[in-house]
């Protein structure tokens with residue numbers, strides 16, 4: 001997207017965050033919302049821009065729900081790239097004890113933030129600044145409530161677009177007092193001719209009413225190999241709302257996979273976030289490969305223009321570009337992005 005177009009979009013925000021179409025009667029309700037996204041900045045000193053739109057259609061009928069998202073996206077760099085796809089298209093049924101969803105949907109299995117080894121399907125990368133929308137995958141997900149705080153889930157993800165067998169995961173979640181925990185097991189197929197057997201889990205709790213603890217991980221078995229992947233994280237929020245996050249990541253595979261694009265064995269992430277004003281929020285992070293000591297520095301400032309529009313300034317700066325390290329191949333980025341909701 002050209003810089004002048006981004007400036008024009010900033011000047012047309014609205015005032016109320018309401019769907020532009022709603023219809024509701026005794027049993028049926030429908031809603032259509034949209035979001036327009038524009039970004040323009042420099043990637044390794046070269047101007048690159050992007051514009052995309054997402055149309056979101058939701059229907060509720062008694063215990064049934066239908067979700068449809070169509071995405072249009074165009075990137076402007078050395079060559080223009082345009083694509084459109086249905087990022088969500090699913091039908092779900094739910095009652096007090098049972099939930100079923102089938103179709104293209106977002107699957108989120110993460111407990112931690114910067115590194116999420118248990119998020120096997122289309123996870124966010126550490127370089128992703130805005131995480132409002134997670135990429136959808138073709139899946140069947142069902143959940144059975146076993147009590148007020150416990151549930152059993154079964155998940156199948158269809159990988160036929162990549163000519164891979166279907167992945168399957170069974171998961172049990174529960175909680176008591178201030179501790180939430182989960183165990184999972186199954187088979188994840190995200191690489192050709194590699195059938196990975198997974199067993200793992202996660203916990204979330206806090207101590208002293210001020211320190212949050214998040215951890216997740218799994219043992220990955222395939223062929224004659226066994227890898228252990230885990231993350232341990234701490235977070236603390238001060239009374240002035242300054243928030244500190246620390247995560248240590250053990251990458252047992254020491255190689256790049258679809259959901260873990262890292263080549264080192266140990267990583268440390270440190271993040272700070274702070275609301276400077278009710279409308280301006282900032283987050284800053286440093287992610288370091290503890291094997292070669294290369295780092296990624298990120299900064300993200302988000303300002304709310306209205307109830308339905310935000311503008312953000314973002315930057316990513318790697319270190320160690322003069323030597324061969326993991327992050328030396330990451331390009332420096334600085335840019336401006338705009339979200340308009342309607």
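All of the numbers you see were taken from the coordinates with simple rules; none came from a lab. Being a predicted model, the structure only gives us computed values, none of them experimental. Virtual Cβ from ideal backbone geometry, glycine too; neighbours counted across all protein chains shown.
Take residue 128 and residue 97, extend 7 Å from each Cα along the Cα→Cβ direction, and tell me the distance between the two endpoints in nm.
Each label point is offset 7 Å from its Cα along the Cβ direction, giving 3.6 nm.
Relative contact order (percent) for the chain, with alpha-carbon contacts under 8 angstrom and 6 or more residues of separation?
Dividing the mean separation by the residue count of the chain yields 13 percent.
Can you classify the range 102-148 as rounded, prolate or oblate using the Cα gyration tensor, where a ≥ b ≥ c are the square roots of its eigenvalues, rounded means a/c under 1.5, and otherwise it's prolate if a/b beats b/c and oblate if not? Working shown, then result.
Values: a/c = 2.45, a/b = 1.50, b/c = 1.63.
Taking the square roots of the gyration eigenvalues as a ≥ b ≥ c, the range 102-148 is oblate.
Starting from one equal scatterer on each C-alpha and no solvent at all, send me the Debye-based log10 I(q)/I(0) for the chain at q = 0.11, 0.15 Å⁻¹, two decimals.
For the chain at q = 0.11, 0.15 Å⁻¹, log10 I(q)/I(0) is -0.90, -1.67.
Using the alpha carbon gyration tensor of the range 95-275, what are the three equivalent-ellipsoid semi-axes (square root of 5 times each eigenvalue), largest first, in whole Å?
On the way: eigenvalues 142, 95, 51 Å².
Equivalent-ellipsoid dimensions as semi-axes: 27, 22, 16 Å.
Most fluctuating residue of 170, 194, 270 in a GNM of the chain with Cα springs under 10 Å: which is it?
Looking only at 170, 194, 270, the biggest GNM fluctuation is shown by 194.
Could you give me the radius of gyration and the Dmax of the range 228-272, taking only the C-alpha atoms into account and expressing both in angstrom?
When restricted to the Cα atoms of the range 228-272, Rg and Dmax are 13.3, 41 Å.
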